[in-house]
1. Can you tell me which of 364-376, 128-140 comes out highest on packing, and rank the rest after it, using the mean Cβ neighbours within 10 Å?
2. Taking the 0 to 90 degree range and rounding to the nearest ten, how far is the long axis of helix 58-72 tilted relative to the main principal axis of the chain, both from C-alpha atoms?
3. For K211, what accessible surface area do you get with a 1.4 Å probe? Give it in Å², rounded to 10.
4. Once label points are set 7 Å from the Cα along Cα→Cβ at both T38 and V240, what is their separation, rounded to one decimal in nm?
5. Using the Cα centre of region 1-183 as origin and beta-carbon charges of +1 (Lys, Arg) and -1 (Asp, Glu), tell me which of T5, M166, F182 is placed farthest towards the positive end of the dipole.
6. Of V381, G275, P235, which is farthest on the positive side of the dipole of region 207-392, counting Cα position, with +1 on Lys and Arg Cβ, -1 on Asp and Glu Cβ, and the Cα centre as origin?
7. In degrees from 0 to 90, rounded to the nearest 10, what is the angle of the helix 337-349 Cα long axis to the longest principal axis of the chain?
8. Leaving out ligands and nucleic acids, note down the accessible area per residue over the chain with a 1.4 angstrom probe, in whole Å².
Amino acid sequence: MFGWTSRQRNVAIASFLSWTLDAFDFFILVFLLSDIATAFHVDIKEVTLAILLTLAVRPIGALVFGRAAEKYGRKPVLMVNIACFSVFELCTAAAPSLSIFLILRVIYGVAMGGVWGVASSLAMETIPDRSRGMMSGIFQAGYPFGYLLAAVVYGLFSEMVGWRGMFVIGAVPIFLLPFIWFKVQESPVWLAARERKESTALLPVLKSHWKLCVYLVVLMAAFNFFSHGTQDLYPSFLKVQHGFDAHTVSLIAIGYTIASIIGGIFFGTLSEKIGRKKAIIIAALLSLPVIPLWAFSSGTWTIGLGAFLMQFMVQGAWGVVPSYLTELVPANTRAVLPGFVYQLGNLLASVNATLQAGIAESHGHNYGLAMAIVAGTVAIVISVLVAFGRDTRGKAITGAINNQRTDQPAKV
């Protein structure tokens, strides 16, 4: 594939599937908000606290598992990470009350938080430098692909197995472990750094590059508002505001998730030609004229088209993020710092679902208006923030492991 070695292909597959199955487990909840609310006799807004809490604790997981990956290697920590979030997802199925359900989602969120940073560093440090933009798009496409799997499984099995059965199905990521154990090798960049006995201390990096870290946290907060603000309540928008049944919701979700995958790969690959900054800004700004069709139209086909175009742009911008963050941070922090700032951004954006639900309820359950306000605002914010950043296209990582100059962090 793409002239890569078998080692590089296996790492790409494992990293993509890790992020895909992580997202699959998270998005199962998104499709079940109304079902869980009914089961526990509460409002949907109360159940959205599970999304908030899951997102809020992910920085803890990013820090814990990321630091472990810097010390012990990407591969073994990724395996432990996958095992943890699979087990906690399974435990969620047995929750006897909403309180226990929320506690379990908090624990699950910690385990979930480590996957992105560890898996992305393993991928970006293994595949050829020339393919990083494309791999960035492919890797990030795992997130909407996980959403797609959740949509398909929800449409096919939700009525058959119920919401608890859906969380049992969510334990399937554990079956990825044998492939990683037998087929995936450790990051060559991490192995080289270990031979040179490079320091993995995080605090000195945070002190010396605190401006960069603050910039990335704010940027990732905007990005997470962008994705979660256009995805998390969309199934509820379709069911509650438009009265679509589960089958129709699933079909629309499948359509816009396919668009997400295509958009991520397209803009990720495009970033190798026009630069990371331009690719992100173009995708973000092109989402603005789509908002009326996406949030305020009526009818299955028009809403489906709007959702398709919106997610093509949203995840198109996201498709550049893995490579952009990897290239911005110092070399000895790629497993922990990109994931940590990403999840801190998630923490700031964790109020999204509850915020949007509150806006919708105060405007006659108008979820379309709530989503449009958030999506339009953060699209502009992302464009402005990225415009002030520095482009990193062409930075060598795997091809110049021993070249200290190429491993310096980019400045904002």
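1. Values: 364-376: 19.3, 128-140: 25.0.
Order by mean packing, descending: 128-140, 364-376.
2. 30 degrees
3. 140 Å²
4. 1.5 nm
5. Farthest towards the positive pole: T5.
6. Farthest along the dipole direction, towards plus: G275.
7. 20 degrees
8. On the way: 14860 Å² over 412 residues.
That works out to 36 Å² per residue.
The values are calculated or read from the model by the stated rules, or taken from the named source; none is laboratory data. Being a predicted model, the structure only gives us computed values, none of them experimental. Neighbour counts run over all protein chains shown; Cβ positions are idealised from the backbone, glycine included. Quick note on the areas: whole protein, heavy atoms, side chains included, nothing else; ligands and nucleic acids left out. Shrake-Rupley method; radii C 1.70, N 1.55, O 1.52, S 1.80 Å.
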